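J.: After the structure tokens below, expect a handful of questions from me.
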Ligand SMILES: [Zn+2]
Ligand SMILES: [Zn+2]
């Protein structure tokens, strides 16, 4: 029963929402780094649980500076999660929000014809009509969820889960719940794409409540349950990341997903769509004293690289907006930019051409064959990256943990506080001629509030622990996963 544990919201806030600085670290003897981190975390806003502060002064200033409005929006977005928690915290004797009658009815396929009619409309590409049918099919379940019993009023609508364990009803429940969960998930995809975000999130929460219950009944996870659960958490987290004011809530979602051993996530701050099976060290930012040797070779030649950038900078036709589809990966990247433009020039990877930047390319080929091979396989690229002044790259996670990212600073605005990058819970600065090395599957964001451009040579390379045949295997799986996700979105659950 304890396999999953109880849901709680993310609480490890480590940067003040007002002054953006970390907590004052109190040294405590005999505790490890993780314990120290927890001991020093910041207290969060008791209403939205998503802003954190050093002091009452920081909180008051943040409240007056706009959190008053944001807090309301955050509370609204977080409500589904609180409902899931509330339902799940009903104690050991927890109840199902579905009545046994509904499950029996569902199992007997009483209303199946309606769902199948929706599938038919979908296959005729009448998507709106299909969604309308799916929604009306799911209406009784939505009502049951909204009327879900508190611990006192239990009895009429629902049953104690423990009452079905080991009975014929248990199998009935599990089979029906999984099927229903899949339909809820599919309907939420439709609604998400149709911008009915609130309803979609609500359905994902219902879907998750069913799956968690199945997992509680069966100690060992069933593959189909796990896959559906991963998909639902992922969709919920992504829906939070897409809405700027809800972005921090993705951490709460990820915290819950981690509790249910989903998505292969272990840290709410690291939420890639694909996590390699091989265990890879999860290090958000690699400090200079741990840099591999190639960094030195690249750094000592940085002025040649800068010169080649300056030549190519003139050639407007070869610069493209990030995410404009010119290169093979990163098609959603444009969604995270606000302000002016984020553009790139591809050196290795799809969209690159021969005979440009000879010195830079020779350096990369010689010292970083790992980056070239990753680019050739379509898993990343080497580019000149230009972030214009007054532009932000909003907080997001990269698609996979199988690669690292390096930035060689080429032209860097002087203001350290107005031009910087956050990886996980710390801010860093570029320096001309110096490499920053990090794992972009961790939450990261970039701000350039200066009037000047920030130019770096961006290099993706294999995670250093991924070697030999593991590379190809991880890459094939990452690609397959991505394709599966697209297929799932367009094929209704049966
Ligand atoms: Zn502060
Ligand atoms: Zn708040």
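Read-outs: derived from the displayed coordinates by stated rules, not from any lab. Nothing here was measured: the structure is a model prediction, and the numbers come from that model. Using ideal geometry, Cβ is built from the backbone for each residue, glycine included, and neighbour counts are taken over all protein chains shown.
J.: Evaluate the distance, in nm, between pseudo-label points positioned 7 Å from the Cα of residue 310 and of residue 114 along their respective Cα→Cβ axes.
T.: Label-label distance for residue 310 and residue 114, simple model: 7.0 nm.
J.: In degrees from 0 to 90, rounded to the nearest 10, what is the angle of the helix 127-146 Cα long axis to the longest principal axis of the chain?
T.: 60
J.: Hey, what angle do you get for helix 469-490 against the long axis of the chain, alpha-carbon based, 0 to 90 degrees rounded to 10?
T.: Approximately 50 degrees, to the nearest ten.
J.: I'd like to know how the chain sits against the 2.2 N^0.38 Å rule of thumb: what's its Cα Rg over that expected value?
T.: Details: Rg = 24.7 Å, N = 494, 2.2 N^0.38 = 23.2 Å.
Here the Cα radius of gyration is 1.06 times the empirical estimate.
J.: Under 8 Å for C-alpha pairs, at least 6 residues apart: give me the relative contact order for region 285-481, rounded to a whole percent.
T.: Once normalised by length, the contact order is 24 percent.
J.: Would you mind ranking 344, 170 so that the residue whose beta carbon has the fewest other beta carbons within 10 Å leads the list?
T.: Numbers: 344 24, 170 16.
Going from sparsest to densest Cβ surroundings: 170, 344.
J.: Need one number: nm distance between label points at residue 46 and residue 69, each 7 Å from Cα along Cα→Cβ, rounded to one decimal.
T.: A separation of 2.6 nm, rounded to one decimal place.
J.: Now, a different point. Order by neighbour count: 472, 306, fewest other Cβ atoms within 10 Å first, most last.
T.: Starting with the residue having the fewest Cβ neighbours, the order is 472, 306.
J.: Along the Cα-to-C-beta direction of residue 178, a point sits 7 Å from the Cα; which residues of region 475-494 have their amide N less than 19 Å from that point?
T.: Backbone N within reach: 488, 492-494.
J.: Nearest 0.05, what FRET efficiency do residue 160 and residue 472 give at R0 = 45 Å with Cβ-Cβ as r? Could you put the intermediate results ahead of the total?
T.: Details: r = 50 Å, r/R0 = 1.11.
Calculated transfer efficiency: 0.35.
J.: How would region 58-110 be classified by its alpha-carbon gyration tensor: rounded, prolate or oblate, with rounded meaning a/c under 1.5 and the a/b versus b/c comparison settling the rest?
T.: Because a/c hits 1.5 or more and a/b fails to exceed b/c, region 58-110 counts as oblate.
J.: Mean separation of Cα pairs under 8 Å and 6+ residues apart, divided by the residue count of the chain: what relative contact order is that in percent?
T.: Rounded, it is 13 percent for the chain.
J.: Evaluate the relative contact order of region 78-259 (contact order divided by residue number), counting alpha-carbon pairs under 8 angstrom at least 6 apart; express in whole percent.
T.: RCO, region 78-259: 21 percent.
J.: By how many degrees, between 0 and 90 and to the nearest 10, does the Cα long axis of helix 168-193 differ from the longest principal axis of the chain?
T.: 50
J.: Still on this model: Rounded to the nearest 500, what is the chain's calculated 222 nm mean residue ellipticity when only DSSP H runs of at least 4 contribute -39500 (n - 2.57) each, over all residues? If you can, show how the numbers build up before the last one.
T.: Working: 16 runs with 216 residues, N = 494.
Calculated from helices alone, the mean residue ellipticity at 222 nm is -14000 deg cm²/dmol.
J.: Would you please classify the overall shape of region 285-481 from the alpha carbon gyration tensor, given that a ≥ b ≥ c denote the square roots of the eigenvalues, rounded means a/c under 1.5, and beyond that prolate means a/b larger than b/c while oblate covers the rest?
T.: rounded
J.: So, in nm, how far is label residue 132 from label residue 479 when the simple model puts each one 7 Å beyond its Cα toward the Cβ?
T.: The modelled label-to-label distance comes out at 4.2 nm.
J.: Please list, by residue number, everything in region 58-84 whose backbone N is under 19 Å from a paramagnetic label point 7 Å out along Cα→Cβ of residue 198.
T.: 69-84
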